[in-house]
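The values are calculated or read from the model by the stated rules, or taken from the named source; none is laboratory data. Everything numeric in this text was worked out from a predicted model, so none of it was measured. Cβ sites come from the backbone with ideal geometry, for glycine too, and all protein chains shown count toward neighbours. Ligands, DNA and RNA are stripped out before the accessible areas are found, and what is left, the full protein with its side chains, is counted by its heavy atoms. Shrake-Rupley method; radii C 1.70, N 1.55, O 1.52, S 1.80 Å.
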Amino acid sequence: MEEFFQQLTNGLAVGGIYALIALGYTMVYGVLKLINFAHGDLFTIGAYLGLTLLTSMSLMDSLGVFFGLLLLVLMVMGLVGLIGVLLDQIAYKPLRQSPRLSAVVSALGASIVFQNAVMLIYGARFQVYPQDILPRIVINIFGMPVPLIRIMILMASIFMMGALYFFIQRTKVGTAIRAAAEDQGAARLMGIDVNRVIMLVFLIGPALGGAAGLMVGLYYGQINFTMGWIYGLKAFTAAILGGIGNIPGAMVGGILLGVIEALGAAYISIAWKDAIAFFVLILILIFRPTGLLGERVAEKI
Amino acid sequence: MLLEIENLHVKYGNVEVLHGININVDEGEIVTILGANGAGKSTTLLAISGLVKISGGLIRYKDEVLNKTPAHKIVRRRITQAPEGRRVFGTLTVAENLNLGAYTSTNHERTRKNLEWVYELFPRLKERENQLSGTLSGGEQQMLAIGRALMSDPKILLLDEPSLGLAPLLVRTIFNTIKEINKSGVTVVLVEQNARAALKLAHRGYVLEVGNVVLQDSAEALLSNSEVYDAYLGGKG
Ligand SMILES: Nc1ncnc2c1ncn2[C@@H]1O[C@H](COP(=O)(O)OP(=O)(O)O)[C@@H](O)[C@H]1O
Ligand SMILES: [Mg+2]
C-alpha cells in the first residue's frame, strides 16, 4: 500500500510535468497543424535557465522560499516564452505558405540548433541543481510520507493547467484561440488577428514547457542537454494519448501517462520504464488514433 | 457610393479567375451577384473581405482603398461576411460563436443589444444558446452564420449562398430575415445560385460568368430578361 501510494504520487507529479509539456505540442498543433519538434528543447532551455537564475540571483535568500520560487518560475516562463515566439518568427513564420514538410524540417533543424547551443554554453555533462533550495520536509498524507517538492510540483502544474483551462474556455482571447484552431479563415472573418493568436500560442506553450524544465531540475536535481528528447517524446505521446490539438486531452494524457509509467516501473519492471510510454503510444495509434478525447476534435462539420 | 469594385483581378496561383469586374453598391441596397458554379462569386466576396489577394484593380469603401487591408481589419471597417458553407465553429457553443461575431466590438451595451436583436430574428438560436454549434441542423447553422455576422454591427453584410442546401420553407424564412436586416439599415451583398428568389429580394443584380460581369441591371429588369431566364431561372440552369 505504501509502495503503491508513493508510486502514485510520483506518477502524478511526473504526469503533471508531461502534461505541461504536452500542452505546448497540442496548442501549436491546434492552430498550425505543425508538430513543433523543437518544443522538447525549449523544455531543456527552461531547465538550464532555471539553474542559471537560481545560482546567480540568490532569490530565495532575499525573497524567501515561496516568493523566490514564484519569481524564478515566472522569469523562466517569460524567457522561454519569448524564445518560443522568436522561434516561430524566425523558423516557422516565413514558411506559412510553404508545404507542411518544410516547416517540419525547419522544426527539426531548430531542435538541433537549440540542443547544440545548450551544449556549447553549459557543456555536455550533467549539471546539478543546488540541493538546499527547499527544506527537506516530508509531509504525511494518510499516514504516508510524501516529499514536499513532489506536492509542490503537482500543485504548481495543476494550478497552471487550471489557469490555462480557464483562459482558453472562459475568456474572449481564449475563445479566439479555439476558433482559430478550428478554422483560420472564419476566425479572420470575425476580426481575429490570427498572427497574434499564433504568437500567443508560441508564448504560452513554451512558457509552460520551460516551467516543466525547471520542475524537473528541482525534482530530480540534475539536468542534461539531451533531456528534451526523451521528455519531448513522452509529452508528445501524452498529447496523442489525449487527442492532439485537444487541450484538456493533453492534461489528461500527461497525468495518465505519468501514472501508468510510474506504476509500470514499480510493478512490471524498472528497466521497462521508458518503453512503457512508447508501448502506450503504439496501442493508441492502433486502437484509438484520435486519442482518448479525440472525438471532440474530430467533431468538425 | 458605399462600396466600389473597379476592374478587379484575382488569381489563384497562376490562374486568373476574376478578369477585371466592376460592381457598385449604394448605401441601403440589396445587391445580388448571380452566376453558375465556379463563376467567381465567392472569390469576389473573399476579395472584399481580404481573404484572397487582389492582383489588380481596386476595392474602395467610402473613399478608402481596401486592397491591402488584412481581413481582420476589414471587419473593423464594419464589412462582415457570412461565408459559403456557413463555417460556424462547430466545437464552440452557439453563444460563443455569437460572441466571437462581436470580437471587434468594444461597446458592451451595443453588443448586448445586437445579441437581443439576433435572438429576435432567430429565436431558434436562443433556444440552443448553450449547444455546440456542430450539432445544429444546416438551417440553424445558417441562422448562426448570419447572426454571428450581425453581431459585429455591420454596415455591409456579405452573404454567400445562404440558401445552399436548405429546404424551401427555410429558404423563405432566411430571405425574409435578410429583407428585415436590410430594412434596419444594413447594406446587403447577396451571392446566390437561387437566382429567382434573390432577384425578388434585391434592388439590383449582377450576373457573373467565368470571371466577368456579363449583365447588370435592376432586379426587376433581370427577372423579366429572357436571357437571364434561360440561363439561370429555369432554362438550362
Ligand atoms: N482556393 C482556390 N484555389 C484554386 N482555385 C480556386 C480556389 N477557390 C476557387 N477556385 C477556382 O476559382 C474559380 C471561381 O470560384 P468561386 O469564386 O468559388 O466561384 P463561385 O463562388 O461562383 O462558385 C473556380 O474555377 C474555382 O475552381
Ligand atoms: Mg461560391
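Find the relative contact order for chain B and round it to a whole percent, using C-alpha pairs within less than 8 Å whose residues are 6+ positions apart.
In percent, rounded to a whole number, it is 27.
Given the options A:251, A:44, A:31, identify the residue whose Cα lies farthest towards the positive end of the charge dipole of chain A (+1 on Cβ of Lys, Arg; -1 on Cβ of Asp, Glu).
Toward the positive end, the furthest listed residue is A:31.
Taking beta carbons within 10 Å but only from partner chains, what does the mean come to for residues B:74-85? Intermediate values should be presented prior to the final figure.
On the way: counts 3, 5, 1, 1, 0, 0, 3, 4, 2, 4, 0, 2.
Other-chain Cβ atoms within 10 Å of each residue's Cβ, averaged: 2.
B plus A alone minus the pair: what accessible area, both sides summed, probe 1.4 Å, in Å² to 100? Walk me through the numbers on the way to the answer.
Working: alone 11350 and 14570 Å², together 23740 Å².
Summed over both sides, the interface buries about 2200 Å².
Counting Lys and Arg as +1 and Asp and Glu as -1, what is the net charge of the other residues whose Cβ lies under 10 Å from the Cβ of residue B:22?
Details: positive: none; negative: B:4, B:6.
Charge balance near residue B:22 sits at -2.
Let me confirm one metric for peptide A:189-200, namely the mean number of other chain beta-carbon atoms within 10 Å of its residues' beta-carbons.
Numbers: counts 21, 17, 15, 6, 5, 3, 2, 1, 0, 0, 0, 0.
Whole-number average of other-chain Cβ neighbours for A:189-200 is 6.
For chain B, what is the mean residue ellipticity at 222 nm derived from helices alone (per DSSP H run of n ≥ 4: -39500 (n - 2.57); sum divided by total residues; nearest 500 deg cm²/dmol)? Kindly include the intermediate steps, with their values, before the conclusion.
Values: 10 runs with 91 residues, N = 237.
The helix-only estimate for chain B comes to -11000 deg cm²/dmol at 222 nm.
Taking only Cα atoms and a 10 Å spring cutoff, compute GNM fluctuations for chain A and point out the largest among A:122, A:219, A:92.
A:122
Counting only complete DSSP H runs, which helices of chain A cover 24 Å or more along their long axis at the Cα atoms and score a mean Kyte-Doolittle of 0.0 or above? Each step should come with its number before you reach the end.
On the way: long enough: A:2-32 (45 Å, 0.93); A:39-57 (26 Å, 0.94); A:59-87 (34 Å, 2.49); A:100-122 (33 Å, 1.46); A:148-170 (32 Å, 1.67); A:194-220 (39 Å, 1.58); A:247-267 (30 Å, 1.62).
Membrane-span-like by this criterion, though nothing is claimed about a membrane: A:2-32, A:39-57, A:59-87, A:100-122, A:148-170, A:194-220, A:247-267.
Which of the pairs A:33/A:234; B:41/B:68; B:41/B:113 have their Cα atoms more than 22 Å apart in this structure?
Numbers: A:33/A:234 19 Å; B:41/B:68 20 Å; B:41/B:113 32 Å.
Distance filter (> 22 Å) returns B:41/B:113.
Using a simple charge model, +1 on the beta-carbon of Lys and Arg, -1 on the beta-carbon of Asp and Glu, nothing else, what dipole does chain A show about its Cα centre, in debye to the nearest 20? Spell out each step's value before the answer.
Numbers: 17 positive and 13 negative charges, 133 e Å.
Dipole about the Cα centre, nearest 20: 640 debye.
Where q = 0.06, 0.09 Å⁻¹, what log10 of I(q)/I(0) comes from the Debye formula for the protein assembly as shown, counting one point per Cα?
Values returned for q = 0.06, 0.09 Å⁻¹ are -0.38, -0.74.
Output the Kirkwood hydrodynamic radius of segment B:141-237, Cα pairs only, in Å rounded to one decimal. Mind dumping the intermediate values first?
Numbers: mean 1/r = 0.0707 Å⁻¹.
Value: 14.2 Å, from the Cα pair sum.
Restricting things to Cα coordinates, could you compute the convex hull volume per residue of chain B in Å³? Could you put the intermediate results ahead of the total?
Numbers: hull volume 28.3 nm³, N = 237.
Dividing the Cα hull volume of chain B by its residues yields 119 Å³.
How far, in degrees from 0 to 90, does helix B:168-183 lean away from the longest principal axis of the Cα atoms of chain B, to the nearest 10?
90 degrees
Once the dipole of the protein assembly as shown is set up with Lys and Arg at +1 and Asp and Glu at -1 on Cβ about the Cα centre, which of A:120, A:230, B:201 lies farthest towards its positive end?
A:120
What's the whole-number percent of alpha carbon pairs in segment A:2-287 lying beyond 22 angstrom?
Roughly 57 percent, rounded to a whole number.
Using helices alone, I'd like the mean residue ellipticity at 222 nm for chain A: each DSSP H run of four-plus residues gives -39500 (n - 2.57), total over residue count, nearest 500. Write out the running numbers ahead of the final one.
Details: 12 runs with 225 residues, N = 301.
My calculation for chain A gives -25500 deg cm²/dmol from helical runs alone.
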